[in-house]
Amino acid sequence: MKKINRSNILENFHQAKWDEPVVFELSQPGERGILVPEVDKNIKEMFDINDLLPDNLKRKTPLELPEMSQSRVLRHFMRLSQETLGADVNIEIGQGTCTVKYSPKINEMFARNENMTELHPLQDDETVQGILEIMYKLDYYMREISGMEQFTFQPSGGSQAIMAMASLVESYFNDKGEERDEIITTIYSHPSDAAAPALKGYKIIYIQPDENGYPDYEAFKSAVSEKTAAFFIANPEDTGVYNTRVKEFTELVHEKGGLCCYDQANANGLLGVTRAKDAGFDMCFFNLHKTFSTPHGCGGPATGATGVTKELIKYLPKPIIDKKEDGTYYLDYDFSDSKYSVGKIRSFNGVAQVALKAYAWVMSLGAEGLYEVSKVAVLNNNYMFKKMMDNKWIDAPYIKGKQRIEQVRYTIEKYTEETGVTTGDIQRRMMDFGLHYWASHHPYYVPEPITLEPTETPSRADIDQYIDTLLYVMNEGFENPEKVKTAPHSSVCHQLIEDVLDDSENWILSWKIYKKQNNL
Amino acid sequence: MEKRGFKNHPYIPNSDLKIQNEMLKEIGLSSLEELHELIPEELIFKGKMDIPDAYKSEFELKKHIEKIMKRNENCNDNLNFLGAGCWQHYVPAICDEIVNRGEFLTAYGGESYNDFGRFQVFFEYQSLVAELVNMEVVNVPTMDWPQAAATSIRMAYRMTNRKKVLISEVISEEKFEIIRNYCSPHIEIVKVKFDEKSGLIDLNDLKNNIDENVAAFYFENPTYLGHLETQTDEISKIVHDNKSELIVGVDPSSLGILESPTEYGADIICGDLQPLGVHMNYGGGQAGFMATRNEEKYVMEFPSRLFGMAPTVKEGEYGFGDVAYDRTSFGHHREHGKEYVGTQTALWGIAAGVYLTIMGPKGMKELGEKIIYNSNFAKAELNKIEGVNTSLMNNMSFKEIVVTYENTDMTVKEINKKLRKHNIFGGKDLTNEFPMLGKSAMFSFTEVHSEENIIELKNALNKVLNESGEA
């Protein structure tokens with residue numbers, strides 16, 4: 001057979017498309033998916049169910065759940081899974097800022113063991129020494145990575161970690177008896193860095209970037225005052241630009257008595273390279289489902305491991321995990337007698353199985369491996385950055401000619417002006433080649449943005465394939481712009497007619513509403 | 001200079017030195033140390049992190065982790081009666097199969113085209129829970145029940161522009177703490193008393209506390225202590241006469257046999273999805289849900305994403321997308337959106353969707369019946385033990401029962417420690433949480449328990465309490 005020449009651009013790709021009905025349409029009355037253990041005979045004879053249930057609470061409304069046999073349930077949801085482009089089946093570069101990296105399968109096996117899944121959170125500490133040891137040690141490693149003095153794993157996502165940090169700030173100033181109502185952040189930090197402190201009653205002050213993309217120092221200087229409770233920032237920000245003067249920022253806040261809170265949801269470029277404490281931060285958090293490889297699970301379960309300096313430990317939510325002199329681990333509810341403690345952020349002890357996976361990931365790398373992760377993540381990004389910038393239609397604002405950390409926010413503004421093809425169009429067309437592509441949080445401060453983050457887990461060939469595909473699609477925008485504008489063509493469905501989604505008279509938020517609107 | 005890093009690591013393709021050098025050359029550098037040029041020298045970490053050397057092979061890593069995790073004693077090898085918000089239910093194999101599908105497990109923020117299955121499965125999850133609670137709108141899962149309750153309360157606060165919220169005092173202490181923190185500093189929370197004889201809400205105390213500043217009343221049914229609150233119509237009337245919102249927390253595993261709070265006037269329903277196909281995971285299985293009617297004033301107050309159906313340009317094709325996205329802090333309004341949005345517990349929504357599908361209406365009914373039979377059987381049997389009283393409160397119970405120890409010098413903790421020698425995890429200690437109940441513990445019974453298990457518990461408890469010399 002002769003060699004078959006094939007391109008690294010997946011022109012023949014088509015995503016699985018099953019045209020699957022909504023699950024209610026699959027119901028066939030009488031079918032059973034699973035049987036429940038029967039009530040024991042003696043017990044049933046002892047009681048009349050009608051005596052156990054008050055009349056006014058007994059269900060009379062028919063429960064119209066689907067009735068489906070087991071294989072049909074499995075088939076339906078398997079098909080929906082196939083219609084989802086998880087990281088396991090694609091080159092994850094296109095979800096910038098999300099740090100979607102390879103999640104090792106062995107770590108999933110640890111989490112699926114009954115020594116993890118079948119633990120009740122209120123079991124006596126003596127019976128959960130294994131998971132407590134894991135969490136205790138992971139806390140210690142987080143301290144080593146950040147320079148902080150104590151971590152809590154209660155916050156179960158990045159945004160909840162930001163809310164937890166805002167709560168710690170609130171506790172701190174309540175304790176000091178100071179009324180401070182302002183929190184400063186930047187436009188390129190995550191929207192939750194503004195939204196979560198706002199929930200806690202703080203007024204949000206934004207610092208705009210200067211011409212280099214750094215938060216404007218002069219503007220910052222005039223914003224910081226005795227009213228400043230805290231400074232919430234990501235560094236690098238979404239642009240991948242690292243604020244070289246960060247220490248001057250934190251010092252300024254400290255001079256005025258405020259606290260500095262570091263959004264390290266994505267710390268993928270910084271492990272073993274630089275530490276939160278050394279830059280003057282009082283607290284920080286790591287998303288274990290980002291930097292520490294635990295899978296995103298469509299959006300959780302997750303963990304925003306939150307660490308603080310010694311001074312702030314007493315405000316942490318309870319309990320923390322500690323070790324006794326005899327070597328046993330325990331949940332410590334008595335580490336603080338401060339009446340200003342945050343109390344509790346999330347039920348029980350956070351998402352322990354995520355901590356287990358993150359621990360296993362750290363142990364598969366060691367200190368040197370963590371350093372390798374960050375160096376390669378930054379290498380991959382700068383390799384990609386250079387290749388992207390070699391194209392005249394792609395640009396990236398700020399610090400020309402300088403390196404970025406782990407991600408870059410590009411712009412194709414000039415390209416859009418030339419072709420009329422927008423970043424949204426390119427996004428949909430990239431799907432036809434099996435690739436994600438993310439523009440930016442809202443509003444778009446960088447016009448026609450693309451945010452890409454290769455992490456350490458794609459190969460050089462993967463990165464090349466992503467860039468080649470993107471350039472191929474951009475070229476299509478010149479030659480056949482309609483094809484790009486009407487994309488996707490090989491994804492699961494065609495372009496949505498979106499009007500109904502914002503129309504309260506017509507939106508369909510459940511099958512019940514759909515049936516009602518259509519008299520089904 | 002010593003070469004740093006971990007070369008040829010299986011998770012890091014470009015940790016191969018040859019490739020690394022080629023890539024470095026491409027960007028005009030000669031070593032990895034030349035990266036991170038923007039970080040000032042004074043901030044470069046020059047120490048060595050005290051983190052052990054890697055377990056280099058997957059095999060060694062597996063041995064290491066398994067050795068540690070074997071130090072746990074799990075609820076399959078022991079007889080567990082702990083509940084209190086996290087319950088041991090049977091998780092159908094298909095739930096595990098689906099949530100462990102790599103496509104779902106590793107998906108995140110793709111669009112509704114290439115993450116189509118994720119969008120449809122959440123629409124279905126919303127629809128299935130909506131059916132269970134007989135509401136029309138359900139959000140994607142939030143952190144846990146306390147978070148769902150806290151957000152429900154904040155929704156009511158925004159809708160009514162009133163700053164006080166009443167909460168039944170039959171609530172878990174930690175749930176109250178989470179709500180308190182989340183609602184601070186805007187909302188004043190006042191607890192409404194319950195009747196210690198019946199376990200029911202003290203309607204007089206509710207009436208005395210409700211006024212024009214009250215945004216909402218929150219109570220749970222079944223309650224935290226397992227009682228069924230029967231004065232639902234009276235409560236609903238008191239709350240609605242005051243133009244306040246009625247928020248009811250509910251255990252979804254009860255809804256095959258119990259009427260949804262919608263039927264007695266709940267405006268917002270919340271609860272935990274963990275009973276619906278999610279393993280306990282030492283508390284990592286919690287996931288909150290909220291449900292309302294399809295009224296704009298409610299829908300526009302949800303902070304989290306809501307998935308809706310939409311047509312596509314192709315006739316006969318279903319599409320799914322974000323409903324009223326600009327409500328959220330991901331929209332253009334950022335901190336002026338509703339609360340904040342971010343990663344929560346999406347995967348458990350998929351588990352709950354699969355669970356409700358596989359159970360169907362009959363399965364949910366049988367589940368509820370098995371639980372209510374078991375809990376009442378246990379209540380009757382344990383009451384026969386000398387020194388044990390399970391009828392301190394005379395109301396009907398679902399899943400949880402309060403066991404009061406009389407005439408013993410042992411603490412609940414000591415009793416539980418002795419029960420462990422019988423491979424039993426005894427009930428949650430209520431001594432500090434509900435001091436008015438005396439020396440009490442809360443035992444939980446679900447469909448995983450058999451008559452034999454309950455008798456085993458009874459015999460063990462009897463030995464622990466009444467046989468001297470019992471270790």
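The Cα-based radius of gyration of region B:284-331, divided by its Kirkwood radius, gives an Rg/Rh of 1.07. Taking the alpha carbon gyration tensor of region A:445-520, multiplying each eigenvalue by 5 and rooting it gives semi-axes of 37, 18, 14 Å, largest first.
If the limit is 29 Å between Cα atoms, which of B:Lys63/B:Lys399; B:Lys163/B:Lys297; A:Lys105/B:Lys46; A:Lys277/A:Lys318 go over it?
From the list (B:Lys63/B:Lys399; B:Lys163/B:Lys297; A:Lys105/B:Lys46; A:Lys277/A:Lys318), the Cα-Cα distance tops 29 Å for B:Lys63/B:Lys399; A:Lys105/B:Lys46.
Among B:Cys183, A:Cys260, the order by Cβ neighbours within 10 angstrom, fewest to most, reads B:Cys183, A:Cys260.
Principal-axis analysis of the Cα atoms of chain B puts helix B:346-382 at an angle of about 30° to the longest axis.
Axis of helix B:58-69 versus longest Cα principal axis of chain B: the two differ by about 20°, to the nearest ten degrees.
Largest first, the three principal axis extents of the alpha carbons in region B:417-460 are 32, 23, 13 Å in whole numbers.
Say a paramagnetic label sat at a point 7 Å from the Cα of B:Asn76, along Cα to Cβ; which residues of region A:91-135 have their backbone N under 14 Å from it? Only A:109-120 fall inside the zone, counting backbone N under 14 Å.
By the helix-only formula, in which each DSSP H run with n ≥ 4 contributes -39500 (n - 2.57) and the sum is divided by residues, the protein assembly as shown has a 222 nm mean residue ellipticity of -10500 deg cm²/dmol. Across all C-alpha atoms in region B:269-349, the radius of gyration and Dmax reach 15.3, 47 Å.
Hey, what D do you get for region B:39-144 in µm²/s if you plug the Kirkwood alpha-carbon radius into Stokes-Einstein at 37 °C and 0.692 mPa s?
Working: Rh = 19.5 Å.
Using the Kirkwood radius from Cα pairs, D works out to 168 µm²/s.
Across region A:325-415, the relative contact order, built from alpha-carbon pairs under 8 Å that are at least six residues apart, equals 21 percent. The alpha carbon gyration tensor of chain A gives principal lengths a ≥ b ≥ c with a/c of 1.5 or higher and a/b no greater than b/c, which makes the shape oblate. Scanning chain A for DSSP H helices at least 20 Å long along the axis (C-alpha atoms) with a Kyte-Doolittle mean no lower than 0.5 picks out nothing.
The simple spin-label model puts a point 7 Å past each Cα toward its Cβ; for B:Lys237 and B:Glu467 those points are separated by 5.4 nm. Highest mean packing comes first when the peptides A:358-369, A:63-74 are listed by Cβ atoms within 10 Å, giving A:358-369, A:63-74.
Volume per residue of the convex hull around the Cα atoms, evaluated for region A:292-450, comes out as 201 Å³.
Amide H contacts under 5 Å for B:Asp115: A:Leu85, restricted to partners 5 or more places along the chain or on a different chain, H placed in the peptide plane at 1.01 Å from N.
By the Cα gyration tensor, the protein assembly as shown has an equivalent ellipsoid whose semi-axes, rounded to whole angstrom, run 45, 32, 28 from largest to smallest. Straight Cα distances below 13 angstrom link B:Lys362 to the aspartates and glutamates A:Glu31, A:Glu38, A:Glu64, A:Glu67, with same-chain residues fewer than 8 positions distant left out. Modelled spin-label separation between A:Asp332 and A:Glu179, with each label point placed 7 Å from Cα along the Cα-to-Cβ direction: 3.6 nm. The order of A:Tyr329, A:Tyr242, going from fewest to most other C-beta atoms within 10 Å of their C-beta, is A:Tyr329, A:Tyr242. Normalised by 2.2 N^0.38 Å, with N the number of residues, the alpha-carbon radius of gyration of chain B equals 1.15. By the gyration tensor of its Cα atoms, with a ≥ b ≥ c the square roots of the eigenvalues, what is the shape of region B:93-356: rounded for a/c under 1.5, prolate for a/b over b/c, or oblate? Here region B:93-356 falls in the prolate category. Partner shielding of A:24-36 amounts to 5, given as the average count of beta-carbon atoms from other chains within 10 Å of each residue beta-carbon. Here region A:115-150 is scanned for amide nitrogen atoms under 18 Å from the site 7 Å beyond the Cα of A:Glu311 along Cα-to-Cβ, giving A:147-150. Packing, taken as the mean count of other beta carbons within 10 Å per residue, orders the peptides A:8-16, B:283-291 from highest to lowest as B:283-291, A:8-16.
Need one word for region A:113-269: rounded, prolate or oblate. Basis is the Cα gyration tensor (sqrt eigenvalues a ≥ b ≥ c); a/c below 1.5 gives rounded, then a/b vs b/c decides. Note, shape of region A:113-269 comes out prolate.
Give me D for region A:27-156 in µm² s⁻¹, whole number, from Stokes-Einstein with Rh from the Kirkwood sum over alpha-carbon pairs, 4 °C and 1.567 mPa s.
Values: Rh = 21.3 Å.
After rounding, the answer is 61 µm²/s.
Globularity index of region A:367-493 is 1.08 (Cα radius of gyration / 2.2 N^0.38 Å, N = number of residues).
Relative protection proxy for B:16-22, A:336-342, from highest mean packing down: A:336-342, B:16-22 (other beta-carbon atoms within 10 angstrom). Taking every DSSP beta bridge that has both ends in the protein assembly as shown, the antiparallel portion is near 55%.
The Rg/Rh ratio of region B:177-312, with both radii computed over alpha carbons and Rh defined as the Kirkwood radius, is 0.98.
For the residues of B:369-381, the average number of beta carbons from a partner chain within 10 Å of their own beta carbon is 4. Note on A:Met1 and A:Glu114: with the Förster distance fixed at 56 Å, the Cβ-Cβ geometry gives a FRET efficiency of about 0.65.
For the peptide B:139-151, the mean number of other protein chain Cβ atoms found within 10 angstrom of a residue's Cβ is 3.
Taken together, the values in this text are just the output of simple stated rules run on the coordinates, not laboratory data. These numbers were taken from a predicted model, which means no experiment stands behind them. When we count neighbours, we look across all protein chains shown, and the Cβ atoms used for this are built from the backbone with ideal geometry, even at glycine.
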